[in-house]
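Q: I am attaching a structure below and will ask some questions about it afterwards.
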Amino acid sequence: MGDVTPLWEVFIRPRNGLAHKHVGSLHAADEALALSAARDVYTRREEGTSIWVVRSEAIAASDPARAGENFDPAEDKIYRHPTFYKIPDDVGHM
Amino acid sequence: MALYRALIELADDHLVLGHRLSEWCGHAPMLEEDLALSNFALDLIGTARSLYAYAAEIEGKGRSEDDLAYLRNEREYLNCLLVERPNGDFAHTMLREFYFAAFMEPFWQAALASNDKVIAGIAGKAVKEMAYHMRHAGEWIVRLGDGTEESAARMQAAVVDLHPYWEELFSGGDCDALPDRAALRPAWEASVKAVFAEANLDWPEPVYGQNGGRDGMHSEVLGRMLSDMQYLQRAHPGATW
């Protein structure tokens, strides 16, 4: 289908209060048809309350070859996890 | 029995169109539309089931929704001829869907206020489905009509081919529990004209309309469709799984 129906990435928000989550992709000619197709392909089982579609080519992705330099330096910095605090019982789940 | 008959007309419209759309399953031009058409088919067949179940209850002869769908002959089907038209190409299918949904959406909208609670309940669910069918089919009509030379020619050909069939949508049995079909014509025409204007499609000159579906007088294609749809229950009566 080539350029006539480019690729779109689909994001669905399952419930109010949650973030839109990537669920997959599809081919469509334009925004309206992409939203329509996303509704038909990805919300058949009550998965969502809101849909975003984004042209796949509009997404900039990190380079897998640079995963080492991007992500490994965080490995030994456990102090960045907020696990060293005592949380009063009254606070409950944070 | 005015209500029974009107329910059968409505249910037959939904089942026949739903079955037609299901014939696209696995054959649509792209995966996305294959699923969309199957979704449409399921919406329509779901509504047909509710209507048959209610009709069977009103009839009070112990028949079930399956009996009504699978064990009636062609001449007992009261659907309008539009819904039995063969799928043709994608343009034909989308136009047929739009004509039907543009009628049913205001029909169910009016039926929400029905004094019959079952009808109002069916309407509450169906009105949203029809609004979506209208939008989806309408989007395609605009893109095909205002698309390439070939898509525009095919869309216009579909308009000409289906022109004798839309008027029968406004005929059908009268009963107090259901909206007056003829009164929905201005709303239908406004929806169609808006999409046609955007799609650069011409509304053809009036032609002699084909009808008779409400009296069980069908075109040859319905018999073939029913023989396919009813085969299993006819060959293995009472089969369940």
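All of the numbers you see were taken from the coordinates with simple rules; none came from a lab. Quick caveat: nothing in here was measured; it's all calculated off a predicted structure. Virtual Cβ from ideal backbone geometry, glycine too; neighbours counted across all protein chains shown.
Q: Can you tell me which aspartates and glutamates have their Cα less than 16 Å from the Cα of A:Lys77? Leave out same-chain residues fewer than eight positions away.
A: Within the straight-line limit of under 16 Å, A:Lys77 reaches these aspartates and glutamates: A:Glu69.
Q: Counting Lys +1, Arg +1, Asp -1, Glu -1, what net charge surrounds A:Arg55 among other residues with beta carbon under 11 Å of its beta carbon?
A: Here the charged neighbours net out to -4.
Q: If you don't mind, another one. Grab the beta carbon distance between B:Trp241 and B:Lys61, set R0 = 30 Å, and tell me the FRET efficiency rounded to 0.05.
A: In this case the efficiency is close to 0.70.
Q: Taking the dipole about the Cα centre of segment B:96-229, with the C-beta of Lys and Arg at +1 and of Asp and Glu at -1, give me whichever of B:Asn115, B:Phe98, B:Asn211 is farthest to the positive side.
A: With unit charges placed on the Cβ atoms, the residue in question is B:Asn115.
Q: 7 Å from Cα along Cα→Cβ at both A:Glu47 and B:Asp180: what's the point-to-point distance in nm?
A: The two pseudo-label positions are separated by 4.6 nm.
Q: Report, in degrees rounded to the nearest 10, the 0 to 90 angle that the Cα long axis of helix A:31-42 makes with the longest principal axis of chain A.
A: Orientation of helix A:31-42: about 70 degrees from the principal axis.
Q: Calculate for chain B the 222 nm mean residue ellipticity that helices alone would give, adding -39,500 (n - 2.57) per DSSP H run of length 4 or more and normalising by residue count, nearest 500 deg cm²/dmol. Walk me through the intermediate numbers first.
A: On the way: 9 runs with 156 residues, N = 241.
It comes out at -22000 deg cm²/dmol, rounded to the nearest 500.
Q: Under a straight-distance cross-link criterion of Cα-Cα below 27 Å, which lysines are reachable from B:Lys117, leaving out those fewer than 8 residues away in the same chain?
A: B:Lys61, B:Lys125, B:Lys128
Q: Using Cα centres only, tell me the gap between segment A:1-62 and segment B:130-195 in whole Å.
A: Computed from Cα coordinates, the inter-centre distance equals 28 Å.
Q: Right, next: Using only the C-alpha atoms of chain A, find the volume of their convex hull and express it per residue in Å³.
A: Cα-based convex hull of chain A, divided per residue, equals 146 Å³.
Q: May I ask which residue of A:Ala74, A:Ala58, A:Ala29 lies farthest towards the positive end of the charge dipole of segment A:2-86, with charges of +1 (Lys, Arg) and -1 (Asp, Glu) on Cβ and the Cα centre as origin?
A: A:Ala74
Q: Same structure again: Which FRET efficiency value, to the nearest 0.05, do you get for B:Arg224 and A:His22 by plugging their Cβ-Cβ distance into 1/(1 + (r/R0)^6) with R0 = 56 Å?
A: 0.80
Q: Mind checking which helices in chain B clear 27 Å along their axis (Cα) and have mean Kyte-Doolittle hydropathy of 0.0 or more, DSSP H runs only?
A: B:2-22, B:31-59, B:90-111, B:117-145
Q: Moving to a separate point now. Could you work out how far apart the two model spin labels at B:His163 and A:Glu75 are, taking each label as a point 7 Å from the Cα in the direction of the beta carbon, and quote it in nm?
A: Distance between the two pseudo-spin positions: 7.3 nm.
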